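Colleague: Let me begin by handing over the structure; questions about it come next.
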Amino acid sequence: MILIIDFGSQYNQLIARRVREARVYCRIEPPTISIDTIKALAPEGLILSGGPASIYEPDSPKVDFAIFQLGLPILGICYGMQYMVHVLGGKVRRAEKREYGHAQLKIRADSAIFRGIEETTPCWMSHGDTIIKQPRGFNIIGSTANTRISAMEHPQKRFYGLQFHPEVVHTPRGKAILRNFLFEVCGCKKTWTMKSFVTQAVREARETIADGKVILGLSGGVDSSVTALLLHKAVGRRLTCIFVDNGLLRQNEPEQVKAVFKEHFKMNLRFVSAKQGFLGRLKGVQDPERKRKIIGRAFIEIFEKEARKIKGVGFLAQGTLYPDIIESRSAFGGPSAVIKSHHNVGGLPKKMKLSLVEPLKHLFKDEVRQLGKTLGLPEDLIWRQPFPGPGLAIRIIGDVTRNRLAILRKVDAILLEEIKAAGFYKKLWQAFSVLLPLKSVGIMGDQRTYENIVAVRAVNSTDAMTADWARLPQTLLARISNRIINEVRGVNRVVYDISSKPPSTIEWE
Ligand code: XMP
């Protein structure tokens with residue numbers, strides 16, 4: 001495995017992605033990690049990441065100097081390289097001006113890290129400070145027009161420094177450079193596969209849970225579904241999945257969860273039908289935040305009540321992913337697993353004093369999908385688009401009633417069917433419909449109609465932080481609109497949402 005020391009760069013997760021794509025396991029840890037923990041992790045090499053600080057700032061991040069005495073290869077990137085230069089006796093100059101953007105790297109010496117790379121290759125720079133003298137024993141192996149020491153190596157110690165960012169797409173040969181570090185320098189083996197992960201995760205879960213019992217809030221989303229499959233493999237029926245049908249789900253969702261997890265995988269699934277409770281509490285509520293709070297609170301109540309019925313539960317499983325862990329850690333300075341309040345089943349149930357089990361906490365989303373595939377999860381669930389915890393309630397603007405839910409469900413089913421048939425489902429971040437609290441006049445046959453308006457929203461995004469409305473083909477939009485108006489009684493107008501996030505959000509409420 002490779003250990004990445006997190007000096008705070010926005011690109012850190014990309015470094016980890018690149019290493020894992022090369023089939024080498026890696027972990028990102030804060031610079032406060034102790035040397036004993038590093039030794040216990042037994043990495044084959046270290047990567048010191050970039051970061052926004054200048055090594056001259058008094059509280060710039062530092063890592064134990066003993067890492068340089070472990071005899072392990074070390075690659076410093078950007079701030080990581082400057083840090084290395086600074087503590088090993090070289091010289092870094094405070095910059096007056098940042099260097100940012102494309103540059104041409106000229107490789108100046110034969111080095112393991114540049115094996116197979118062309119003599120001149122584009123690279124991406126993003127730094128303030130500059131190295132003016134490398135530490136003793138280091139050779140300069142690459143320069144750009146503005147940065148004489150863009151790459152350096154200490155071949156005996158196997159220490160490397162890169163001022164540019166090999167992990168970003170703007171450094172086209174960056175993947176190859178990182179692979180050289182992993183395989184030519186560190187001698188890593190390509191052992192990181194989903195099969196090996198399953199073996200290890202199952203073993204760890206068995207050790208943790210021992211002969212105890214564990215509960216999991218199953219939503220049918222990919223994260224909780226994969227968590228369920230993995231833990232079922234580890235502890236069988238000592239895992240109880242609780243699925244709450246809040247009556248705010250899309251067409252066929254509750255039935256599908258039952259069919260997949262209870263009937264196909266033979267899991268211990270508690271299917272709680274709570275439609276009445278949710279709808280009753282939402283009666284007359286129009287304010288989006290109040291809707292969210294009511295639904296969140298009702299969910300916790302029902303989940304706790306169900307959980308209490310299972311005697312001797314000691315563990316609560318959650319489908320927390322690696323980006324959540326890294327982000328919450330960077331934001332709060334400590335490695336505590338803060339659970340996002342946004343999450344559907346986050347932070348449950350505090351009063352029961354359960355220990356958390358989070359078997360996916362070192363995986364990225366695409367790895368979770370691969371894992372789902374390895375564990376036999378149906379394609380439908382593997383590729384399911386994100387769906388908010390409060391469900392259709394926040395896609396029905398205004399009053400949420402049984403009748404309005406039925407309309408939106410039909411509309412949404414048609415939309416998704418057409419999006420899938422046109423091959424867009426996997427490409428889009430989300431596609432959904434919103435029922436507006438407005439009516440408009442139309443004409444059907446010879447009759448005047450006065451019916452509901454539905455908005456269709458489809459967005460592209462990589463992380464939901466920003467999103468752009470999808471430029472769907474007009475023929476597809478035409479088919480969607482035709483089918484909705486013809487097939488769903490009560491709708492006579494369809495509009496397409498052409499707003500991006502920011503300033504709009506993805507969901508309407
Ligand atoms: P917004 O509307 O904030 O949504 O741009 C960003 C992403 O988060 C999803 N979303 C939720 N997911 N519980 C969730 O699990 C929620 O309460 C919730 N609200 C929004 C939304 O679908 C989008 O992908």
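Colleague: Tell me whether the stretch 200-207 contains one or more residues that are out of contact with any helix residue (DSSP H, G or I) (no Cβ under 9 Å at 6 or more places or on another chain) and within 16 Å of the ligand (Cβ to nearest atom).
Modeller: No, the conditions are met nowhere in the stretch 200-207.
Colleague: Something else: Can you find a residue that is within 16 Å of the ligand (Cβ to nearest atom), surrounded by fewer than 20 Cβ atoms within 10 Å (Cβ to Cβ), at pLDDT 95 or above and under 15 Å from the mean Cα position of the chain (by Cα) anywhere in the stretch 374-383?
Modeller: Checking the stretch 374-383: at least one residue is within 16 Å of the ligand (Cβ to nearest atom), surrounded by fewer than 20 Cβ atoms within 10 Å (Cβ to Cβ), at pLDDT 95 or above and under 15 Å from the mean Cα position of the chain (by Cα).
Colleague: Pick from the stretch 441-496 the residues that are among the acidic types (D, E) and closer than 30 Å to F364 by Cα: which of them is nearest to the ligand (Cβ to nearest atom)?
Modeller: Per the stated criteria, the residue is D463.
Colleague: Find all pairs meeting these conditions: Cβ atoms under 6 angstrom apart; at least six residues apart or on different chains; first residue within the stretch 111-135 and closer than 23 Å to P73 by Cα and assigned to a helix (DSSP H, G or I); second residue of a type in the set (S, T, Y) and at pLDDT 95 or above.
Modeller: If the second residue must be of a type in the set (S, T, Y) and at pLDDT 95 or above, the pairs left are I113/Y160.
Colleague: What number of residues within the stretch 448-470 satisfy the criterion of being more than 24 Å from the chain's Cα centre (by Cα) and exposed (fewer than 11 other Cβ atoms within 10 Å of the Cβ)?
Modeller: 2
Colleague: Tell me the residue from P388, P359, P323 that is assigned to a helix (DSSP H, G or I), at pLDDT 80 or above and not assigned by TED's automatic domain parsing to the domain that holds N452, please.
Modeller: One residue alone meets the criteria, P323.
Colleague: Now a separate question. Starting from residues that are over 29 Å from Q286 (Cα atoms) and assigned to a strand (DSSP E or B), keep the ones in the stretch 415-447 and report whichever is farthest from the chain's Cα centre (by Cα).
Modeller: Among those residues, the one meeting the criterion is Q447.
Colleague: Shifting gears a bit: So for the stretch 63-72 (the condition being polar (S, T, N, Q), touching a strand residue (DSSP E or B) at 6+ places or on another chain (Cβ under 9 Å) and either within 17 Å of F138 (Cβ to Cβ) or free of Cβ contacts under 8 Å to residues at least 24 places away in the same chain (or both)), does at least one residue qualify?
Modeller: no
Colleague: Counting only residues that are farther than 16 Å from G391 by Cα and of a type in the set (A, V, I, L, M), give me the helices (runs of 4 or more DSSP H) lying completely in the stretch 169-284 with at least 2 of them.
Modeller: 174-179, 194-209, 222-235
Colleague: Quick one: in the stretch 274-315, of everything that is out of contact with any strand residue (DSSP E or B) (no Cβ under 8 Å at 6 or more places or on another chain) and of a type in the set (A, V, I, L, M, F, W, C), which residue is nearest to G398 (Cα to Cα)?
Modeller: V285
The values are calculated or read from the model by the stated rules, or taken from the named source; none is laboratory data. Since the structure is predicted, the reported quantities are computational estimates derived from the model, not experimental observations. Ideal geometry is used to build each Cβ from the backbone, glycine not excepted, and the neighbour counts take in all protein chains shown.
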